[in-house]
1. So what are the ³J(HN,Hα) numbers for the range 366-379, from phi and the Karplus equation (6.51, -1.76, 1.60; θ = phi - 60°), rounded to whole Hz, Gly and Pro as x?
2. Of the candidates T186, T323, T371, which one comes out as most mobile in a Gaussian network treatment of the chain with C-alpha springs shorter than 10 Å?
3. Is the shape of the range 185-308 best called rounded, prolate or oblate, per the rule: a/c under 1.5 gives rounded, else a/b larger than b/c gives prolate, else oblate, with a ≥ b ≥ c the square roots of the Cα gyration tensor eigenvalues?
4. What residues qualify as long-range amide H neighbours of V9, i.e. H under 5 Å apart, gap of 5 or more or another chain, H built at 1.01 Å from N?
5. Grab the DSSP H runs of the chain that are 4 residues or longer, score each as -39,500 (n - 2.57), total them, divide by all residues and round the 222 nm result to the nearest 500 deg cm²/dmol.
6. Of G265, A309, L333, which is farthest along the charge dipole of the range 208-336 in the positive direction, counting Lys and Arg as +1 and Asp and Glu as -1 at C-beta?
7. In Å and on Cα atoms, what radius of gyration and Dmax does the range 248-326 show?
8. Check which residues have an amide H placed less than 5 Å from L264's amide H, if you skip close sequence neighbours.
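Computed from the coordinates by the stated procedures, all read-outs in this text should not be read as laboratory data. The model shown is predicted, which means the values in this text are computed figures rather than measured ones. For neighbour counting, all protein chains shown are included, and Cβ atoms are generated from backbone atoms with ideal geometry for every residue, glycine included.
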Amino acid sequence: MSSPRVLFVCHTGSVSGAELVLIDLVRPWAGQSAFLFEDGPLHQSLAACGLNVEISRWGDGLNNVRRDSSFTKVVPVIGAMCGLIAEVARFARKHDVVYANSQKAFVLSAIAAKLMRRPLIWHLHDIISPAHFGKMQRRVQVLLANHCTVNVVVPSKAASDAFIAEGGRKELVAIVPNGLDISPETQTSAELRRELKLPQGPLIGVFSRLAEWKGQHIVLQALAKTPAVSCIIAGSALFGEEAYERRLRQMVGDLGIADRVYFLGQRNDVPRLMRAVDAIIHPSIDPEPFGRTLVEAMLAEVPVIATDAGAASDILEGGMAGTLVPPGDSDALAQAIGKAISRSPELAEQINHAARRARSHYGVAQMLDLTSRLIRQAAGDPA
Ligand code: UDP
């Protein structure tokens, strides 16, 4: 059978973790298509991979729908949703398989794919739980997944467990850990700090979009308890979390730590920044479906401290490849930061182990192999 025609559907044009995964995932599918609900940097990245990218005429209307939106907030955008479904259906008809890369993309693609009788794969990058989604959204997602998909791809057992606990059919689930391809950074921390104009002395880093559940405020509370330590915060409020960003900036003033906290905004040199710091913090207060940042930190060969929620424990091998602290506990985090910047010999062994684990478990080749197989199977090619 010739290569199946695949339509990748994504609701956003911004690039956060799920979209970085998609950019890697489409590598074997040059010449195929992507449909985005809105324009943004993702458009150029997918086009650079050889995809034909189409942008919706209706997608802007969906921006008002947040993950926890109630039904009443959803009603006014129903017109835009119908327009989008019609657009996805029109493109789906020209393809053998539809691959939805986000929750919003999935919900609309499910209806479009059903109408056009096309197999649908949902790449579920989220934990379906009350912490992340309203009750109505959880019900609709699981109902559509059970009736309209041939596979639900999830990045971790934590994401799989959450989907099944909400009533998702177990036999649909395929666990495909996110894969990363990052060449080791050869420059030393001291060289990088000079080049990147970062402060001297103990320095930690946080590398996530700014969102309350990502927990940057807990790091600020911990910094108030670790007087000698500075912190870089890379990332921006990508999905309407500007109020949280303002709160963080206010907090550094209120806590008297403004001279030790550096907000760097959205960066495209995360591996270099990671290599420059003494420890990397992944402070999410709600369960993480995966956390690319964790694997990047392991590859940077820098101590990593993560909250024990969702997939973090699996990725860090229950604490063998990094330090786990309870979510939302700034005292425990402050203590862990103190240990991490001490650079003890046990820590050096943990760092080496983490880097080996990241390379052996979380490579791009394995992710491409598994997803490509699922796409071919969906298209009716048993190979
Ligand atoms: N990231 C980035 N620039 C920044 C902050 C973060 O490129 O300034 C990247 C980070 O390196 C990681 C991704 O954004 O690859 C975040 O992925 P993760 O799975 O940790 O979280 P998500 O945003 O998907 O919830």
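1. Each residue of the range 366-379 in turn: 5, 4, 5, 4, 5, 5, 4, 4, 5, 5, 5, 4, 4, 7 Hz.
2. The residue with the greatest mean-square fluctuation here is T186.
3. Numbers: a/c = 1.55, a/b = 1.18, b/c = 1.31.
Because a/c hits 1.5 or more and a/b fails to exceed b/c, the range 185-308 counts as oblate.
4. Counting only residues 5 or more places away or on other chains, the set is F35, Y99, A100, N101.
5. Values: 16 runs with 164 residues, N = 383.
Taking each H run of at least 4 residues, the total per residue is -12500 deg cm²/dmol.
6. So the residue furthest toward the plus end is G265.
7. Cα-based Rg and Dmax for the range 248-326 come out at 13.6, 37 Å.
8. Hits under the 5 Å cutoff: I233, A234, G235.
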